[in-house]
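A short worksheet on the structure shown next.
The values are calculated or read from the model by the stated rules, or taken from the named source; none is laboratory data. Keep in mind that this is a model prediction, so the values were computed, not measured. We place every Cβ from the backbone using ideal geometry, glycine too, and count neighbours over all the protein chains shown.
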Amino acid sequence: MNMDEFITQFHKRYPEVDRFNVATDDMVKRYEKKLGYRLPFSFVEFLKKFSNGIFLLDYEPIGGVSEDSPCSDIQNVNTILPNIPDEVFIVETNEHIASSRLISFTMFDAGDHSGNHWVFLCEDGVSDYRVGFVSQSSLKIVKVLNSFEEWLTILWKNDDEDVPASPVFNILFPSYEKRDNILFD
C-alpha cells in the first residue's frame, strides 16, 4: 500500500482523528542532518502528507521531526536504549549493523508498555530502508520488514474499528509465549 492509498483510506475510516501538523521540507532536512542519515522516502511522505508524529491507531507511537511531536521526535536508537552495543545482531538475517545506523521511528512498544521499538536500518545504497524491531531485553533486532510502507500496511490491514488495535509486532506474533521467546532469546 502506498502512502496516498493509506492516507485516503485512513481519512475515510477515521475522519475525526487529529493527525497533528505535517512536517515541512526544512524540518525533515534539519532532522536528517541531526541524525546523520537521510530518512526513507515513504516515511518522509508520511511526515509531510499525513502527520508529523502520531499515536497511530492508539497503538503505535510514531515520532516526528519536531520536539513538539505528540509522541516525541525520532532519534538515534542509543537515545532510547543507552546501553545498546556498538554492533547490533539482526536475528533473522544473521548479520550485524552498527547501532549508530539505527533510527527509532516508534518511541516505545505501546502494546507491552516497554522500551521495545521499531527502527530504520540506515544502509548505504538504498532509498527505502528496512525496518527492524529492537528488543530492549536482548538488545537485538528480532524482526525485520522490507520497509516502512510494509510496516504501515500490516498495521492498517489488521485494523478493525470494532476491535481494539494491536501493535505491528503483536500482529506478527499473536501469541504472548512466542513474543516472549523472541524478545528474551
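For the reader, a short list of remarks on this structure follows.
- Considering Glu177, Glu161, the condition of being part of a loop (DSSP other than H, G, I, E, B) and surrounded by fewer than 17 Cβ atoms within 10 Å (Cβ to Cβ) is satisfied by Glu161 alone.
- Remark: pairs (first residue in segment 20-41, closer than 18 Å to Ala98 by Cβ; second residue surrounded by 15 or more Cβ atoms within 10 Å (Cβ to Cβ) and among the β-branched types (Val, Ile, Thr); Cβ separation under 7 Å; 6+ apart in sequence or on different chains) = Leu35/Ile103; Tyr37/Ile103; Leu39/Val28.
- Residue in segment 5-19 that is surrounded by 14 or more Cβ atoms within 10 Å (Cβ to Cβ), closer than 18 Å to Asp128 by Cβ and either small (Gly, Ala, Ser) or over 19 Å from the mean Cα position of the chain (by Cα) (or both) present: no
- Residues within segment 166-185 that are within 16 Å of the chain's Cα centre (by Cα) and of a type in the set (Gly, Ala, Ser), tallied: 1
- Any hit, segment 24-38, residues being polar (S, T, N, Q), surrounded by fewer than 16 Cβ atoms within 10 Å (Cβ to Cβ) and in a loop (DSSP other than H, G, I, E, B): yes
- From Ser138, Ser100, residue being more than 23 Å from Ile7 (Cα to Cα), of a type in the set (Gly, Ala, Ser), out of contact with any strand residue (DSSP E or B) (no Cβ under 6 Å at 6 or more places or on another chain) and assigned to a loop (DSSP other than H, G, I, E, B): Ser138
- Where a residue in segment 64-86 is without any contact (Cβ under 8 Å) to a residue 12 or more places away in the chain and its partner, wherever it lies, is not β-branched (Val, Ile, Thr), with Cβ under 7 Å and at least six apart: Glu67/Asp73
- Filter result (of a type outside the set (Phe, Trp, Tyr) and either touching a Lys or Arg at 6+ places or on another chain (Cβ under 8 Å) or over 24 Å from Met1 (Cβ atoms) (or both)) within segment 30-54: Arg30, Glu32, Lys33, Lys34, Leu35, Gly36, Ser51, Ile54
- Residue match in segment 77-95 (condition: under 21 Å from Phe169 (Cα atoms), in contact with a Gly (Cβ under 7 Å, 6 or more places away or on another chain) and among the hydroxyl-bearing types (Ser, Thr, Tyr)): no
- Verdict on Asp58 being within 21 Å of Val134 (Cα to Cα), modelled with pLDDT under 90 and not polar (S, T, N, Q): yes
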